[in-house]
1. So the check is Cβ under 8 Å with 6+ separation or different chains; which pairs have a first residue in segment 124-140 that's surrounded by fewer than 11 Cβ atoms within 10 Å (Cβ to Cβ) and a second one that's part of a helix (DSSP H, G or I)?
2. Which condition does T143 not pass, out of (1) touching a residue at least 60 places away in the same chain (Cβ under 8 Å); (2) surrounded by 14 or more Cβ atoms within 10 Å (Cβ to Cβ); (3) more than 22 Å from the chain's Cα centre (by Cα), if it passes all the others?
3. Being in contact with a Gly (Cβ under 6 Å, 6 or more places away or on another chain), open to solvent by 60 Å² or more (accessible area, probe 1.4 Å) and not in a strand (DSSP E or B): is that true of Q67 here?
4. Being part of a loop (DSSP other than H, G, I, E, B) and at negative phi is the filter here, so list the residues in segment 151-191 that pass it.
5. Of these, N102, N85, N111, which one is open to solvent by 60 Å² or more (accessible area, probe 1.4 Å) and closer than 21 Å to E49 by Cα?
6. Taking the condition open to solvent by less than 60 Å² (accessible area, probe 1.4 Å) and modelled with pLDDT of 95 or more, does V195 pass?
7. Would you tally the residues in segment 41-60 being surrounded by 16 or more Cβ atoms within 10 Å (Cβ to Cβ), within 18 Å of H90 (Cα to Cα) and in contact with an Asp or Glu (Cβ under 8 Å, 6 or more places away or on another chain)?
Amino acid sequence: MKRKNLLKLICVFACSALCFAAKVKRVDSNEITDLDGFWNDNDVKIVCENLIEQCINSPAVRRKTAQIESKTGDMPFAIIGKIENNSSEHIDTSIIENKFRNAIINSGAMNFVASRNERDYLREEKIDQQDSTADAKKLDNETAADYMLIGTVKSIIQKEGKKSVRAYFVDVQLVDIETNRILWTGEDDSIKKIVKKSKYKL
């Protein structure tokens with residue numbers, strides 16, 4: 001009898017494993033996939049493309065960039081500050097920060113210096129070099145940033161019954177570090193989703 005129960009238990013576990021086995025389908029990275037209505041990779045792409053275009057083409061940023069370039073012979077240097085997540089869900093804003101930095105560097109509109117955390121690692125490396133290599137890099141030869149990019153991600157959610165509306169607002173500012181003057185500010189509110197919950201549970 002015990003053996004029979006054991007076989008039943010094994011069958012139950014086997015069936016459970018088959019029922020919950022993951023099925024994976026690879027899709028093109030440009031294909032829009034929105035399973036739950038929350039912030040996703042497509043939202044990041046849309047928002048960043050819109051805001052980066054605004055920043056690069058801002059007349060104020062172009063004027064200031066031309067002034068710095070004529071004075072120093074080089075493009076201005078920027079640094080990524082912090083894009084804070086003030087929304088109602090978990091959003092990894094470092095993805096937005098990196099997309100901004102990469103796109104602006106590749107556009108040739110500005111140079112970028114390493115972030116605060118990256119600079120800490122670099123300084124540790126330079127300190128280690130002082131006693132170990134003849135061509136150690138100087139400790140006091142860092143490039144100061146002219147601009148800092150900061151921003152926020154916010155959301156508004158409306159619910160009624162099984163329907164909800166999720167709207168996202170991303171604000172980004174480019175600030176002159178020396179004067180605290182805001183050279184450019186951009187807002188993207190293009191992400192708005194209506195989510196309907198199914199009456200059937202999976």
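1. K138/K126
2. (2)
3. In short, no.
4. Correct list: K162, I177, E178, T179, R181.
5. Details: N85 fails: open to solvent by 60 Å² or more (accessible area, probe 1.4 Å); N111 fails: open to solvent by 60 Å² or more (accessible area, probe 1.4 Å).
Going through N102, N85, N111 in turn, the sole match is N102.
6. Working: open to solvent by less than 60 Å² (accessible area, probe 1.4 Å): yes; modelled with pLDDT of 95 or more: no.
Considered against the rule, which asks whether it is open to solvent by less than 60 Å² (accessible area, probe 1.4 Å) and modelled with pLDDT of 95 or more, V195 comes out as no.
7. Number satisfying all stated conditions: 1.
Every residue, every condition in (1) among the hydrophobic types (A, V, I, L, M, F, W, C); (2) in contact with a strand residue (DSSP E or B) (Cβ under 7 Å, 6 or more places away or on another chain); (3) closer than 25 Å to N57 by Cβ, yes or no:
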| site | (1), (2), (3) |
| --- | --- |
| V153 | yes, yes, yes |
| I177 | yes, yes, yes |
| T185 | no, yes, yes |
| D188 | no, yes, yes |
| I194 | yes, yes, no |
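The values are calculated or read from the model by the stated rules, or taken from the named source; none is laboratory data. In this text, all values refer to a predicted model and were calculated from it rather than measured experimentally. Positions of Cβ are backbone-derived with ideal geometry, glycine not excepted, and every protein chain shown enters the neighbour counts. Ligands, DNA and RNA are excluded from the accessible area calculation, which covers all protein heavy atoms including side chains. Shrake-Rupley method; radii C 1.70, N 1.55, O 1.52, S 1.80 Å.
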